[in-house]
Amino acid sequence: MADYAFEIATEAGRLGMQWFRKPVSIDIKEDQSPVTEADRAVEALLRDRLRAAFPGHAILGEEFGLEGQSGAPTWVVDPIDGTRSFITGWPIWGTLMALITEDHPQLGIVHMPALGETWVASAGNGCRFHGADGTNSAARSSSCETLAQARFYTTSPDYFDSSERPHYEAIRDASRVQRFGGDCYGYGLLASGHIDLIVESRLQPYDFLAIAPVVTEAGGVITDWQGKPLTIGSGEQVIAAATPALHREALAFLNS
């Protein structure tokens, strides 16, 4: 199943690349986020492939919502995670796929079409990194255990509201290295040991369910800000860390 999901994620990425750095129509959704014809076409392709291969499964996607029976295994897809990057020519955007059973993610794929890089993870089978050069290797998070040594990322400081911002700023100031941007790519980099900590808000299930297995199967920890495992019903706040010790320290900052 993971191999097939990898195959169709790659196919979807090729389709998305047909619009990348080319003229593309852009609409603004109710939440003020952009959506393009590429987002819709890629999600339509993913849905077609998943329906054909798994007719008893449900599908939840960012652009077209939920279809299928409640309680069925559910594919959760984000056709272009990082649409702002996509429409501004920055190659840090990805196609995300997750398979959920009993509300918990069992399989996750982070595919970066413009970079040719992919992380594939399934429960109990580890996380594999597929490089642009054709390499296929185990992904493993770093051994960083303290915030003082951590390389910290968040997509944008603007995504924290007034109640969240002091906690974010405390973590930012206590960490060794701070960097912004990346959307789903940051979690792949964390799985491969290049980033140690990510704290974010304003995420939706299609943003975080695919990355959860990628992080955990690489040895990291990913939860909501209360330390609870991510499920299809989780809220908007996510923290991912390379080690349990680092996760505990950062979580204390978020709840102080």
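Restricting attention to the stretch 9-32, which residues are open to solvent by less than 70 Å² (accessible area, probe 1.4 Å) and either closer than 28 Å to LEU107 by Cβ or modelled with pLDDT of 95 or more (or both)?
Once the filter is applied, which keeps residues that are open to solvent by less than 70 Å² (accessible area, probe 1.4 Å) and either closer than 28 Å to LEU107 by Cβ or modelled with pLDDT of 95 or more (or both), the stretch 9-32 yields ALA9, THR10, GLU11, ALA12, GLY13, LEU15, GLY16, MET17, TRP19, PHE20, LYS29.
For the stretch 134-169: of the residues being small (Gly, Ala, Ser), touching a Phe, Trp or Tyr at 6+ places or on another chain (Cβ under 8 Å) and part of a loop (DSSP other than H, G, I, E, B), which is modelled with the highest pLDDT?
In the first step, residues of the stretch 134-169 are kept if they are small (Gly, Ala, Ser); the result is 134, 137-139, 141-143, 148, 150, 156, 162-163.
Add one more test, that the residue is touching a Phe, Trp or Tyr at 6+ places or on another chain (Cβ under 8 Å), and what stays is 137-139, 156.
If we keep only those that are part of a loop (DSSP other than H, G, I, E, B) as well, we get 139, 156.
Numbers: ALA139: 98, SER156: 95.
By that ranking, first place goes to ALA139.
Step by step: first the residues of the stretch 33-59, then only those that are open to solvent by less than 30 Å² (accessible area, probe 1.4 Å) and outside any helix (DSSP H, G or I), then the one that is modelled with the lowest pLDDT. Which residue is that?
Within the stretch 33-59, the match that is modelled with the lowest pLDDT is SER33.
Working carefully through the options THR101, THR36, find the one that is β-branched (Val, Ile, Thr), more than 24 Å from ILE222 (Cβ to Cβ) and more than 17 Å from the chain's Cα centre (by Cα). Talk me through it step by step, then tell me what you get.
On the way: THR101 fails: more than 24 Å from ILE222 (Cβ to Cβ).
Being β-branched (Val, Ile, Thr), more than 24 Å from ILE222 (Cβ to Cβ) and more than 17 Å from the chain's Cα centre (by Cα) holds for just one of THR101, THR36, which is THR36.
Just the residues that are farther than 14 Å from PRO213 by Cα, touching a Ser or Thr at 6+ places or on another chain (Cβ under 8 Å) and surrounded by 13 or more Cβ atoms within 10 Å (Cβ to Cβ), please, taken from the stretch 134-148.
SER142, SER143, CYS144, GLU145, LEU147
Assuming VAL120 fulfils every condition listed in (1) out of contact with any Lys or Arg (no Cβ under 7 Å at 6 or more places or on another chain); (2) more than 27 Å from ILE28 (Cα to Cα) apart from one, which condition is it?
(1)
Those residues that are touching a residue at least 60 places away in the same chain (Cβ under 8 Å) and within 29 Å of PRO55 (Cα to Cα), I need them from the stretch 9-34; list them, please.
ALA9, THR10, ALA12, GLY13, ARG14, GLY16, MET17
Scanning the stretch 149-171 for residues that are open to solvent by less than 60 Å² (accessible area, probe 1.4 Å) and farther than 11 Å from VAL199 by Cα, which turns out farthest from the chain's Cα centre (by Cα)?
Checked the stretch 149-171; the qualifying residue farthest from the chain's Cα centre (by Cα) is ALA170.
Just name the residue that is farthest from SER33 (Cα to Cα) out of those in the stretch 46-100 that are touching a strand residue (DSSP E or B) at 6+ places or on another chain (Cβ under 8 Å) and of a type in the set (Ser, Thr, Tyr). Show your work before the answer.
At the first step, the residues of the stretch 46-100 found to be touching a strand residue (DSSP E or B) at 6+ places or on another chain (Cβ under 8 Å) are 46-47, 50-51, 54, 57-63, 66-70, 72-84, 86-87, 91-100.
Then keep just the ones that are of a type in the set (Ser, Thr, Tyr); that gives 70, 74, 83, 95.
Values: SER70: 28, THR74: 25, THR83: 8, THR95: 17 Å.
This residue is SER70.
In contact with a helix residue (DSSP H, G or I) (Cβ under 8 Å, 6 or more places away or on another chain), more than 22 Å from ILE195 (Cα to Cα) and open to solvent by 60 Å² or more (accessible area, probe 1.4 Å): is that true of PHE86 in this structure?
no
Looking at (1) closer than 18 Å to GLY108 by Cα; (2) touching a Gly at 6+ places or on another chain (Cβ under 9 Å); (3) not acidic (Asp, Glu), find the lone condition where SER142 falls short.
(1)
How many of the residues making up the stretch 65-83 are surrounded by fewer than 16 Cβ atoms within 10 Å (Cβ to Cβ) and within 25 Å of ASP27 (Cβ to Cβ)?
3
The values are calculated or read from the model by the stated rules, or taken from the named source; none is laboratory data. Nothing here was measured: the structure is a model prediction, and the numbers come from that model. Positions of Cβ are generated from backbone atoms using ideal geometry, with glycine treated the same way; all protein chains shown enter the neighbour counts. Areas reflect the complete protein model, heavy atoms only, side chains present, ligands, DNA and RNA absent. Shrake-Rupley method; radii C 1.70, N 1.55, O 1.52, S 1.80 Å.
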